[in-house]
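The next block holds one structure in the form of structure tokens; read it before the comments.
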Amino acid sequence: MAKIRVVLPHHLKTLARVDGEVALAVEAPITVTSVLDALESAYPMLRGTIREHETLKRRPRVRFYVDQEDISHDPPDRPLPEAIASGREPFIVIGAISGG
Amino acid sequence: MTGTRVLAGTRKGLFVLTSNAKRKDWAVSGPHFAGWEIYHAKGSPVDPDRIYVSQTSSWFGQIIQRSDDGGKTWFQPGSPEGPQTDEMGMPKGESNKFVYDTSGETGRPLTTHQWYDGSQHPWEFARVWHLEPSPDDPDTVYAGVEDAALFKTADGGASWFELAGLRGHETGANWAPGAGGMCLHTIVIDPRNHDRIYAAISAAGTFRSDDGGATWKPINKGLHSQYIPDPTAEVGHCVHRIAINPKNPDILFMQKHWDVMRTDDGGESWVEVSGNLPSDFGFPIAVHSHDPETIYVVPIESDSLHYPPEGKLRVYRSRSGGNEWEALTEGLPQEHCYVNILRDAMAVDEHDPCGIYFGTTGGQVYASADEGDRWAPIVRDLPPVLSVEVQTLP
């Protein structure tokens, strides 16, 4: 089990009732899918807010950043970098900059 | 009746405004769900402590919130604390799951509707516009959604299923989105026969079910809309809002994109009752709780200019069920006013005298405790108001 750090945007922190980062135990392989499965398992209220129900497609205005890179368009089952898998850097979920 | 609770949904959260039966002094709580769009909030007619809220975001999707204590505390009914899982091992979190029913048994195939450019576009869920709690059961609620469809919960909002007969109606390919999307925005349940349900869709028109929502028929005879190729077509009309006469539910009133309309036969035919209104464009329409021939609209300049004519915010009241209208202005701004009043942002209470409430895109919520004769703002500086409902508390 790897310990993965996840940073959520403000509105999802409020919804999940958490402050700061979320720490998750995730079984290898460490991918976007496995991290989000673990996140939604610990915080069921986040289901449907980051990726769609049923299709599990990323919602259009949500982005994933890892180690200073936007990996939103990468295949969700591709292994994440060692920096994320080791817990050195957080997996960042961010809302696209738009609106008021 | 001793209390009054107004639920104001805004672009940046829900506000709960409470008063006694005099409706003069108000307490304001909120924002609840700060930063989220609250398209609608409505209490159960059989349990006023039970309130349902549609909380939405273009970023993070749909959330359903529920209160069982009159708005003091809130929870998501389908997201229990802790790792409760379903038979597939996935955690539950279903109160925001609105999936069109395409099953062979109860569903209809996922068809297409008109897109803005006239092409066909598949149905896609965007948000819940309107929540209509059942008049019988606090755990049963209907939800009108974008892209237009009707959903229902029978477990207090924990899970939702589609009543697919409406979306799957044979005319669906001719439905089209209005500027706000293709939304089912109005649900009216006949107070005499709860299996008779009316739904209004922009831009498709009004539909009626006589079997609890299983099957539907369009009821748009008499409507005339210049902006569609056939102005008297069966569907395609941009109905903005309908309201039912509580004493004689065969009578309903409609604010259409243009035209104020009335039916005396449950929607089988409509006649125009715009009469002497300065403009018959508008969004909300409401019926007095005790005097069913008294109705209210807020005229808006035009489809291009979404603000009151002459910069004067005037509610118009008819005491004759339409055609003859009087302007109600006392306490409302009569110069330099350029706000809009959205379709779900007007409500009436059941006190005597009847109270009327409406919210504006400028963030004011106005109240009248005397049938519209005099108005005063409860609050002035909220985010744009999307919806207003009122509960008359025992």
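The table below gives the values:
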| read-out | value |
| --- | --- |
| Pair list, Cβ < 8 Å and 6+ apart or interchain, from the range B:224-237 residues that are aliphatic (A, V, I, L, M) to residues that are surrounded by fewer than 19 Cβ atoms within 10 Å (Cβ to Cβ) and part of a loop (DSSP other than H, G, I, E, B) | B:VAL235/B:THR171 |
| Complete set of residues in the range B:141-165 that are of a type outside the set (Gly, Ala, Ser), part of a strand (DSSP E or B) and within 23 Å of B:VAL46 (Cα to Cα) | B:VAL141, B:TYR142, B:LEU150, B:PHE151, B:LYS152, B:THR153, B:PHE161 |
| Subset of the range A:41-97 [in a loop (DSSP other than H, G, I, E, B), within 14 Å of chain B (Cβ to nearest Cβ) and within 13 Å of A:PRO9 (Cβ to Cβ)] | A:THR49, A:ILE50, A:ARG59, A:ARG61, A:ALA96, A:ILE97 |
| Conditions (1) within 23 Å of B:PHE283 (Cβ to Cβ); (2) in contact with a helix residue (DSSP H, G or I) (Cβ under 8 Å, 6 or more places away or on another chain); number of the one not met by B:CYS238 | (2) |
| The range B:23-73, subset more than 22 Å from the chain's Cα centre (by Cα) and within 14 Å of another protein chain (Cβ to nearest Cβ), residue surrounded by the fewest Cβ atoms within 10 Å (Cβ to Cβ) | B:THR73 |
| Within the range A:69-100, tally of residues that are touching a helix residue (DSSP H, G or I) at 6+ places or on another chain (Cβ under 7 Å), among the charged types (D, E, K, R) and surrounded by 11 or more Cβ atoms within 10 Å (Cβ to Cβ) | 1 |
| Sole residue being modelled with pLDDT under 95 and over 21 Å from the mean Cα position of the chain (by Cα), chosen from B:PRO353, B:PRO377, B:PRO394 | B:PRO394 |
| Contacts under 7 angstrom Cβ, first residue in the range A:76-89 being over 16 Å from A:VAL22 (Cβ atoms), partner of a type in the set (D, E, K, R), 6 or more apart | A:PRO81/A:ASP67; A:ALA83/A:ASP67; A:ALA83/A:GLU89 |
| Unmet requirement for B:HIS290, which otherwise passes all of (1) on the phi < 0 side of the Ramachandran plot; (2) in contact (Cβ under 8 Å) with a residue 60 or more places away in the chain; (3) surrounded by 17 or more Cβ atoms within 10 Å (Cβ to Cβ) | (3) |
| Subset of the range B:154-181 [modelled with pLDDT of 95 or more and acidic (Asp, Glu)] | B:GLU162 |
| Scan of the range B:302-323 for residues that are in contact with a Ser or Thr (Cβ under 6 Å, 6 or more places away or on another chain) and either touching a residue at least 60 places away in the same chain (Cβ under 8 Å) or in a loop (DSSP other than H, G, I, E, B) (or both), ordered by number | B:ARG314, B:ARG319 |
| Residue list for the range A:1-40, restricted to those being in a helix (DSSP H, G or I) and within 15 Å of A:VAL66 (Cα to Cα) | A:VAL32, A:THR33, A:SER34, A:VAL35, A:LEU36 |
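For (1) modelled with pLDDT under 95; (2) crowded, with 23+ Cβ neighbours inside 10 Å; (3) of a type in the set (Gly, Ala, Ser), each residue gets a yes or a no:
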residue: B:GLU81; (1), (2), (3): yes, no, no
residue: B:THR85; (1), (2), (3): yes, no, no
residue: B:GLY93; (1), (2), (3): yes, yes, yes
residue: B:GLU105; (1), (2), (3): yes, no, no
residue: B:GLY118; (1), (2), (3): yes, no, yes
residue: B:HIS121; (1), (2), (3): yes, no, no
residue: B:GLU124; (1), (2), (3): yes, no, no
residue: B:GLU132; (1), (2), (3): no, no, no
residue: B:THR140; (1), (2), (3): no, no, no
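Results for (1) crowded, with 21+ Cβ neighbours inside 10 Å; (2) not β-branched (Val, Ile, Thr), shown as yes or no for each residue.
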residue	(1), (2)
B:ASP155	no, yes
B:ARG167	yes, yes
B:THR171	no, no
B:PHE207	yes, yes
B:CYS238	yes, yes
B:ASN248	no, yes
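The values are calculated or read from the model by the stated rules, or taken from the named source; none is laboratory data. None of these values were measured; they are calculated from a predicted model. FYI the Cβ positions are ideal-geometry reconstructions off the backbone, even for glycines, and counts take in every protein chain you see.
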